[in-house]
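The values are calculated or read from the model by the stated rules, or taken from the named source; none is laboratory data. Quick caveat: nothing in here was measured; it's all calculated off a predicted structure. Cβ: placed from backbone, ideal geometry, glycine included. Neighbour counts: every protein chain shown. Quick note on the areas: whole protein, heavy atoms, side chains included, nothing else; ligands and nucleic acids left out. Shrake-Rupley method; radii C 1.70, N 1.55, O 1.52, S 1.80 Å.
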Amino acid sequence: MRAYRIALIPGDGIGPEQMDATLKVLDAVQENLSLKLNYVFLEAGDRCLEKHGVALPEETVKAVMSADAALKGPVGETAADVIVRLRQLLDLYANVRPFKSYPGVPCLKPGIDFVVVRENTEGLYKGFEFRPSDDVAVSLRVITRRGSERIARYAFEEALRRGSKLKVTAVHKANVLKATCGLFAEVCRSVAKDYPQVSYEEMYVDAAAMRLIREPESFDVLVTTNMFGDILSDEAAELVGGLGLAPGANIGDRHALFEPVHGAAWDIAGKNVANPSSLILASKMMLEWLGSRRDDNVCLEAAITIEKALVEAFRKGYTTRDLGGNLSTSMMGSKVASLVREFATSR
Ligand code: GGG
């Protein structure tokens, strides 16, 4: 049986409740498939800052680095010190956020199935900000050829992996941000030449924001810079039923960390009403990544089973409050876990 060391960061707000529900699903997977996940529980986020005076302890960074993969809940106001910093420290350059309309889930249009591939280590989130005077603040936007090239390649490879529409849309604002978006667009165009089987188009970010509402089914892989990707992916989540359904992967050449797209949602924290699907789907992405990276079919099967169980749960009308249902966070976790058991035993 293959075993993996998984770093778990429950995080803030609704994070710990989502993590408990997700662990029920992962328990069901481990009971029924030949797979062992050894967890290391770690602290990071606003609560950690309050408790220990630091939002991202050194011990957490080390444990994430030595794990096979990490699964993280949302954090609150310390996002820049936790997730943006982890992305930089571990060089997790690709932020991959898939958006799918699921049967039984209210969404803007059926048939939505695309992925946002967001550059994750540079751009305006590099953190190069300063305040030369009380009345002026400056933020530097860093775009490099290397950073743009590796994310563009990731996007084209993702289009090939998906194998559906075989299309990449590079989103930028090169008519205004001539140097930074100009370089990003130039590199995407040049990488596109290596993938003649994938159709390539470019779109200004404002037009892309509009097209997401008007014609979301026309996207396959949308590749963009850091902050544009952050904003567009919240918009995209709303198209398919909201942030409660939106998982994300932070992927580098050596490490990977999986998390929901959303924040801590303090307003509903501790009430057992949050939708755990975003973290359940993040755990599915983690198993998928482990499976392809380690050539482990059991992990790949586990990932497929989790998504199948969640889709079946939606089909049966099992949903949390945000989707019009009445299940609690923990009940939703239990329902998906029992469907995992059903599918895993009947295979
Ligand atoms: N509104 C979504 C949200 O709060 N997401 C958490 C967040 O801001 N994360 C930072 C990032 O993904 O760059």
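Of all residues in the stretch 242-270, those satisfying the criterion of being in a loop (DSSP other than H, G, I, E, B), within 23 Å of P103 (Cα to Cα) and not aliphatic (A, V, I, L, M) are G242, H262.
Of the residues examined, V171 is not one that is in contact with a helix residue (DSSP H, G or I) (Cβ under 8 Å, 6 or more places away or on another chain), assigned to a strand (DSSP E or B) and closer than 24 Å to E288 by Cα.
Residue by residue through the stretch 163-189, note down the ones that are open to solvent by 60 Å² or more (accessible area, probe 1.4 Å) and under 17 Å from V221 (Cβ atoms). I'd like the intermediate steps shown before the answer.
Filtering the stretch 163-189 down to residues open to solvent by 60 Å² or more (accessible area, probe 1.4 Å) leaves 164-165, 175-179, 186, 189.
Answer for the stretch 163-189, where residues must be open to solvent by 60 Å² or more (accessible area, probe 1.4 Å) and under 17 Å from V221 (Cβ atoms): S164, K165, R189.
Residues in the stretch 61-75 that are open to solvent by 30 Å² or more (accessible area, probe 1.4 Å) and either within 13 Å of the ligand (Cβ to nearest atom) or touching a residue at least 60 places away in the same chain (Cβ under 8 Å) (or both): M65, S66, D68. When E307, E259, E288 are checked against the criterion of being in contact (Cβ under 8 Å) with a residue 12 or more places away in the chain, within 17 Å of the chain's Cα centre (by Cα) and within 13 Å of the ligand (Cβ to nearest atom), E259 stands alone in meeting it. Residues that are open to solvent by less than 10 Å² (accessible area, probe 1.4 Å) and either part of a helix (DSSP H, G or I) or within 12 Å of the ligand (Cβ to nearest atom) (or both) within the stretch 226-241 comprise N226, G229, L232, S233, A236, A237, L239, listed in sequence order. Of all the criteria given as (1) open to solvent by less than 10 Å² (accessible area, probe 1.4 Å); (2) within 16 Å of the ligand (Cβ to nearest atom), the one not satisfied by Y125 is (1). When L212, L222 are checked against the criterion of being away from the ligand (no atom under 15 Å from the Cβ), at pLDDT 95 or above, in contact with a Ser or Thr (Cβ under 9 Å, 6 or more places away or on another chain) and of a type outside the set (K, R), L222 stands alone in meeting it.
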